[in-house]
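Have a look at the structure below, then the notes.
Read-outs: derived from the displayed coordinates by stated rules, not from any lab. These numbers come from a predicted model, not from an experiment. For neighbour counting, all protein chains shown are included, and Cβ atoms are generated from backbone atoms with ideal geometry for every residue, glycine included.
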């Protein structure tokens with residue numbers, strides 16, 4: 001479903017992706033299936049968005065950004081693609097920012113150019129992320145800092161890999177798994 005007020009210029013968009021009011025998507029953007037792009041979003045040309053991605057209202061996704069499958073982008077998340085912006089001066093190449101599979105970015109988070117947010121990581125609302133975020137980790141603050149871990153199902157663990165119920169987890173290939 002593409003809302004009648006949306007301006008979708010790309011033909012590379014999944015048939016089951018919903019695009020809501022006042023969205024602009026430029027011609028070379030690639031967007032997967034079963035996504036949800038909420039109102040007032042802008043998606044530039046050199047952008048790849050995977051399957052099952054939710055992009056809430058007010059997000060701009062600039063050239064050089066890749067968003068993989070099953071990612072949640074909260075309302076008004078801000079991406080950048082130029083570390084040294086100047087008016088009327090354009091980069092020869094845009095910084096590459098990658099949001100890995102299953103990651104979640106909270107409302108109003110700012111993601112600096114050229115970093116990677118790891119698989120299933122979670123960034124808290126209002127955070128300013130200035131460096132790479134490891135898979136399955138929880139980051140928040142300004143600047144964002146590592147504050148805990150996150151399971152694939154979204155359960156929050158402390159820095160010692162304990163759940164709120166005091167269950168102990170261990171890392172196996174970066175993923176927290178319940179200790180036997």
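Extension gain for the segment residue 152 to residue 90, taken as residue separation times 0.36 nm less the Cα-Cα distance, is 18.5 nm to one decimal. With a simple spin-label model that places each label point 7 Å from the Cα along the Cα-to-Cβ direction, the separation between residue 40 and residue 168 comes to 4.9 nm.
Spherically averaged projected area of the convex hull of Cα atoms, the stretch 55-105: 3.8 nm².
Ranked for footprinting exposure by Cβ neighbours inside 10 Å, fewest first, 165, 155 give 165, 155. Would you kindly give the portion of the calculated P(r) for the chain that falls above 21 Å, as a percent of all Cα pairs? Result: 49 percent of Cα pairs exceed 21 Å.
Here the residues 31, 49, ranked from fewest to most Cβ neighbours within 10 Å of their Cβ, fall in the order 31, 49.
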